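Below is one structure; the comments refer to it alone.
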């Protein structure tokens, strides 16, 4: 997919649903992405909405997707782990799914998943909670200097683009030197 036309940008900025993801939709439509990390997958509707907009970077033939989510342990409208795998398989995404809450699972993610081009944190961002502090601490390991990072303070809330941590570029440079 090439860059968005003005009409497409108009649609994704003002008319796309859910409205809480409009900034994210615009970012995805304008960038080449090879990897996504989603902290809080919810019911899976966000990744389904993003897939038609994705443009893979040159040299990449497949999207690398990872998600950290409590899945069925919290109930509600969340997917079970099996349903999440099925959904992602249907839309052609090979996924690395990590069950658990963000404060306990983020350490596993930071050590097993490479830095991602897009990091989505749905809930617990900047709210002063223990989970928020853990996410802020490990964010530089989850992204690189060119990553887009979108976060919301409550689950299902408006995703706002936040600054990529300054440490992300230093960690990326160290990893390339090794």
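The residues in the stretch 117-132 that are closer than 21 Å to residue 32 by Cβ and either out of contact with any helix residue (DSSP H, G or I) (no Cβ under 9 Å at 6 or more places or on another chain) or in a loop (DSSP other than H, G, I, E, B) (or both) can be counted, and the count is 1. Selection of the stretch 9-24 for residues being crowded, with 20+ Cβ neighbours inside 10 Å and modelled with pLDDT under 90 yields only 12.
The residue of the stretch 102-124 that is surrounded by the most Cβ atoms within 10 Å (Cβ to Cβ), among those that are modelled with pLDDT of 90 or more and within 13 Å of residue 153 (Cα to Cα), is 121. Give the residue that is surrounded by the fewest Cβ atoms within 10 Å (Cβ to Cβ), with candidates limited to residues of the stretch 159-173 that are at pLDDT 90 or above and touching a strand residue (DSSP E or B) at 6+ places or on another chain (Cβ under 6 Å). Ranking the qualifying residues of the stretch 159-173, first place goes to 161.
Residues satisfying the criterion are present in the stretch 70-90 (criterion: exposed (fewer than 15 other Cβ atoms within 10 Å of the Cβ) and within 27 Å of residue 11 (Cα to Cα)).
The values are calculated or read from the model by the stated rules, or taken from the named source; none is laboratory data. Keep in mind the model is a prediction, meaning the values are calculated, not measured. In this analysis, Cβ positions are derived from the backbone assuming ideal geometry, glycine residues included, and neighbour counts consider all displayed protein chains.
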